[in-house]
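Comments concern the structure below.
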Amino acid sequence: MTEVIEKIKRLTPKPEEFHFLPPTSWGHNLVTGATIFSVSNGESIDSARKLIDGVPYSTWHSNSYDPLPVVVVDLGREVTFNRIVIFNRNTDARGTAGGNNATSLLRISTSLANPSNPDTLGTFPLTGPNAVCFKVKGSGQVCTFLDDPRPNIISARPTKARFLQISFLKAFWGDEALEEWKTSIALSEIMLFYAKDNAE
């Protein structure tokens, strides 16, 4: 068992592996300097700042899974973006059958002036942690999840926005997960870029 634990530690990505270097033509991360405008009832603005702190390893998780949370980001000025970069770690798991709380589906909406009446940009599935199992001599196997240090990169139509609404729709909880196991939904970082070399 000790050997398996050590193997999991070796395979677990280190914080410094979670990074993204955009192509030069993408410019800088347009979320830099943004603030959290609002969160849905029961959530914490202070905690939600992890979504935009520029540290892909730091991970926000909601205070519950039901109701599903919404976070509104104030970008601080009008920006135009066509790329969304998302890091997606988990903070709670219930074995490979039970799943984990990394986000599997989210909706992104935007507005220029009125954050309470945004336009839907799209609903996006995300990749998340990888399920792995290791055999234990005489004791079956140990299964867990390993976070993927690579970000999800989403191409979007060129969009102007001052406010970004993130609606968390589903986590990677498994079909066999009991309702009481579904503690929360998690996401690590969201970045926005404008790719000039592939703009519409």
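Dividing the convex hull volume of the alpha carbon atoms of region 99-142 by its residue count, what do you get in Å³ per residue?
Output value, Cα hull per residue: 76 Å³.
Can you tell me the Rg and the Dmax, both Å, for the Cα atoms in region 101-188?
17.5, 62
I'd like the distance separating the alpha-carbon centroids of region 1-29 and region 55-117, in whole Å.
Spelled out, the Cα-based centre of one part sits 19 Å from the other.
Which whole number in µm²/s is D for the chain by Stokes-Einstein, with the Kirkwood Rh taken over Cα pairs at 37 °C and 0.692 mPa s?
Stokes-Einstein gives a translational diffusion coefficient of 185 µm²/s.
Tell me which lysines have Cα within less than 27 Å of K196's Cα, excluding those fewer than 8 residues away on the same chain?
Correct list for K196: K160.
Test of understanding: what is the full-extension gain from E3 to L169, defined as 0.36 nm times their sequence separation minus their Cα-Cα distance?
In short, 56.0 nm is gained.
Over the alpha carbons of region 19-132, what is the largest minus smallest coordinate on each principal axis, giving the biggest first in Å?
Here the spans come out as 43, 36, 25 Å, largest first.
What is the helix-to-structure angle for 2-11, meaning the angle in degrees between its Cα long axis and the longest Cα principal axis of the chain, kept from 0 to 90 and rounded to the nearest 10?
Tilt of helix 2-11: around 20 degrees.
Taken together, the values in this text are just the output of simple stated rules run on the coordinates, not laboratory data. Small disclaimer: the values here were computed from a predicted structure and weren't measured.
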